[in-house]
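Undergrad: Before anything else, here's the structure in question.
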Amino acid sequence: TVLNNTFSHPYTDVPKWASDYVGYLYQNDITLTSEKDVLGAKDNISADDYTAVVLSALGYKAEVGMRERALDRVAVKSGLLTENELKLISETEFNRGTMVYIAEKALNTKLSGQDVTLYEKLDEKYKKKIEELKAQIDEE
């Protein structure tokens, strides 16, 4: 949906190529920053802030800049991460590998207030489209 639409946001420091993606997240109430008009697009993201964005995308009340222990409680209660995983993440350098690990864990985490995981929700939403694409490939 991002590629076919334009999404606005209040951030003044987002590069043009990323604007619609950031706007999509903003329009869908996925927390990206605690600032009003600056995203910090050139700044590195911390493990805590990335976790907050992922939890927000899952529908949990989590905010970038949230105090660490409060964020940890939400991460554990949601099932996204265990106490041991949080400890390990806090003790190691935050990098793409850690981001992928958290993203993969998010796929198997139940959405807030629902009895369905993110993977199950996406599978349900896109199953028909995937089947149509497979059929097109088989026809070729």
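The values are calculated or read from the model by the stated rules, or taken from the named source; none is laboratory data. Predicted model only: the values in this text are computed from it and were never measured. FYI the Cβ positions are ideal-geometry reconstructions off the backbone, even for glycines, and counts take in every protein chain you see. Just the protein is used for accessible areas: all its heavy atoms, side chains included, with ligands, DNA and RNA removed. Shrake-Rupley method; radii C 1.70, N 1.55, O 1.52, S 1.80 Å.
Undergrad: Which one, (1) 37, 19, 14; (2) 27, 16, 13; (3) 27, 22, 14, gives semi-axes √(5λ) of the Cα gyration tensor in Å as derived from the coordinates shown?
TA: (3)
Undergrad: A further question follows. Scan around L81 for amide H atoms under 5 Å from its own, H built in the peptide plane at 1.01 Å from N, and keep only partners 5 or more places away or cross-chain.
TA: V76
Undergrad: Ok, one more. Tell me, what % of the accessible area of the chain is carbon and sulfur with a 1.4 angstrom probe?
TA: 51 percent
Undergrad: Over the chain, what relative contact order in percent results from Cα pairs under 8 Å that are six or more residues apart?
TA: Values: 151 pairs, mean separation 22.0, N = 140.
After rounding, I find 16 percent.
Undergrad: At 222 nm, what value in deg cm²/dmol follows for the chain if DSSP H runs of at least 4 each add -39500 (n - 2.57) and the sum is divided by all its residues, to the nearest 500?
TA: Theoretical 222 nm ellipticity from helices: -16500 deg cm²/dmol.
Undergrad: Hey, what's the chain come to in accessible area per residue, 1.4 Å probe, Å²? Walk me through the intermediate numbers first.
TA: On the way: 10080 Å² over 140 residues.
On a per-residue basis, 72 Å².
Undergrad: Less than 15 Å Cβ to Cβ from H9, Lys/Arg counted +1 and Asp/Glu -1: what total charge do the surrounding residues give?
TA: Around H9, the charge tally is -3.
Undergrad: Is the shape of the stretch 95-137 best called rounded, prolate or oblate, per the rule: a/c under 1.5 gives rounded, else a/b larger than b/c gives prolate, else oblate, with a ≥ b ≥ c the square roots of the Cα gyration tensor eigenvalues?
TA: Verdict is oblate for the stretch 95-137.
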